[in-house]
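Derivation of every value follows stated rules applied to the coordinates shown; laboratory data play no part. None of these values were measured; they are calculated from a predicted model. No Cβ is skipped: glycine too gets one built from the backbone with ideal geometry, and neighbour counts run over all protein chains shown.
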Amino acid sequence: MGAGIPFDTTQVLVGGEWRAAHGGQTLTLVNPSDGSPLADIARGTASDVDAAVEAARSALEGGAWGRMTAAERGRLLGAIGRRVLEQADELARLEALDVGKPLKQGRADALALARYLEFYGGAADKVHGQTLPYQAGFTALTWREPHGVTGHIVPWNYPMQIVGRSVGAALAMGNACVLKPAEEACLTVLAFARIAQEAGLPPGALNVVPGLGEEAGAALSAHPGVDHLSFTGSVATGSLVQAAAARNTIPVTLELGGKSPQVVFADADLDAALPFLVNAGVQNAGQTCSAASRILVERPVYDTVLARMAERYRALRVGPALSDLDVGPMISQRQHEIVSHYLALARDSGLAIAAQAELVRDAPAGGYYLRPALVAGVPDRHALAQEEIFGPVQVLIPFSGEADAVRIANGTPYGLVAGVWTRDGGRQLRMARALKCGQVFINNYGAGGGVELPFGGVKRSGHGREKGFEALYGFSSLKTVAIHHG
Ligand code: NAD
């Protein structure tokens, strides 16, 4: 397919060996910038997952991975991170071809992956237990142990970042991982696994089984040999994964969707807010779980914010990922259709599309381009203000005062992230307490990735926390030891 991909993309990684899927079948990835076939990947199935889980178990029990100390694991993760850093440009190129992500965004993802490995490498030997005051004649203590075999199911939108935060933390704690990347895009996951192997990650510590969600993904979530599941994706699939985990009574971390608001009060520093308001809606063509898809604006500044956001929208340029513009294509024809449906719904409901970005003239006709759209004056119960669109569509919702802002911000089934823009210190804290979500950003949004900051949702956005030190607790279980010595 001639895209200059420097490795065999058609294999699974099991127990340190790259080989074809047992069924011998493949799936074809598509380049979203022009709709052409990009590369074939393995179509792993249940028997590949069986082999991967077995390889992970062997790596822990008797394998070199299980014998490594926490300090050794940390040093190794650091070394993998440095190799990722050296190859950041190539990883960004692969992500541009596969996900349709502009090069600068792919590069930022590669740097984030490297940073996760640096962070979790440094933290690996700093997770410790406690000694507990207890009855006379006893010494009681706790320590943290890996769960064992951890299953990781990741989506296509941020493969590098999500692998960094979930596999990075799981490996730091000494788990052995089975990773199921998304069927729409997984080249950087395969490249990462090769980099980890070259840096010396022992066989079986990381196994990768690409394939369809309903085949490889379902087999991994239902596998009785898996001790913990980490899932990032849609609410519908997340609930299937949780049901499968429940049948094996294992813990599961669910990082699901969102309808995250940024709340702009009339006293906000609008010059500071404006870039964050727009970027957090259109980054990765809006295909971001924490996209700020709702902009709530206090009425006195509503017209100003609308005009200034519209101006920015009109200046955005949309085009092929390798051209490295502001916005690339959607991941697939299907995603393009879903988002187009919401824009049609906006028009049918009489909502004003206040501004749309421009598509560059030389964008290939076969690409899945969608011009980012700003929709004004959206009632807070409208489908566009309630449902996760997962595309570059932001809605502007006016509000009157703090209580109204909280009611609207909390009034969806989701609770992932929120942003608040105000100069009033008391209001900053009241809002941070009142918002029902996993992360609140005051006078910023996203904190530039925030590898160090625990992340996850409430309500339909999921449960459990990844990122930051907190993830290390999630990827381990606490053992209590009570010694009676008289
Ligand atoms: P998806 O749920 O369709 O797919 C995610 C992964 O699950 C893929 O690897 C897929 O193959 C797998 N899968 C599909 N069916 C499965 C099944 N029956 N059993 C097990 N695995 C299965 O999600 P998507 O459309 O690829 O991703 C978009 C969604 O992900 C959005 O809702 C977005 O908000 C969410 N997301 C959340 C976060 C977060 O951190 N909260 C990050 C990125 C994306």
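Where q = 0.12, 0.17, 0.25, 0.26 Å⁻¹, what log10 of I(q)/I(0) comes from the Debye formula for region 362-446, counting one point per Cα? With no solvent term, the Cα-only Debye profile gives -0.45, -0.79, -1.40, -1.45.
At an R0 of 25 angstrom, the distance between the Cβ atoms of A403 and R423 translates into a FRET efficiency of 0.85. Calculated mean residue ellipticity at 222 nm for the chain: -12000 deg cm²/dmol, from DSSP H runs with n ≥ 4 weighted as -39500 (n - 2.57), summed, divided by the residue count and rounded to 500.
Projecting the Cα atoms of A273, Y369, A344 onto the charge dipole of the chain (Cβ charges, centred on the Cα centre) puts A273 farthest toward the positive pole. Restricting the chymotrypsin sites (Phe, Trp or Tyr not before Pro) of region 64-155 to loop positions (DSSP other than H, G, I, E, B) with no more than 16 neighbouring Cβ atoms within 10 Å leaves Y134.
Within the chain, the percentage of alpha carbon pairs spaced more than 46 angstrom apart rounds to 12%. Put simply, the amide H of S477, placed in the peptide plane, has neighbours under 5 Å in E145, H147, leaving out anything fewer than 5 places away on its chain. If you take all other residues with their beta carbon under 15 Å from the beta carbon of E215, and give Lys and Arg +1 and Asp and Glu -1, the sum is -3. Antiparallel beta bridges, as assigned by DSSP with both residues in region 261-450, represent about 15 percent of the total such bridges.
Note on A64 and K126: the extension gain reaches 20.2 nm, defined as 0.36 nm multiplied by sequence separation minus the Cα-Cα distance.
Placing +1 on the Cβ of every Lys and Arg and -1 on the Cβ of every Asp and Glu, with no other charges, gives the chain a dipole of roughly 940 debye about its Cα centre.
About the centre of its Cα atoms, region 261-450 shows a dipole size close to 220 debye [charges on the beta carbon of Lys, Arg (+1) and Asp, Glu (-1) only; nearest 20 debye].
Of the peptides 237-247, 33-43, the order by per-residue mean of other Cβ atoms within 10 Å, starting with the highest, comes out as 33-43, 237-247. So what's the angle, to the nearest 10 degrees on a 0 to 90 scale, between helix 270-282 and the longest Cα principal axis of the chain? Roughly 60 degrees, rounded to the nearest 10.
Over the C-alpha atoms of region 162-218, the Rg to Rh ratio, Rh being the Kirkwood estimate, stands at 0.96. Report, in listed order, any pair from K101/K436; K436/K467; K459/K479; K104/K436; K126/K479 with a Cα-Cα distance greater than 21 Å. In this structure, K101/K436; K459/K479; K104/K436 lie more than 21 Å apart at Cα.
Projecting the alpha carbon convex hull of region 261-450 along each direction and taking the average yields 10.3 nm².
Length available on full extension from D40 to H463: 0.36 nm per residue minus the Cα-Cα distance, which gives 148.9 nm.
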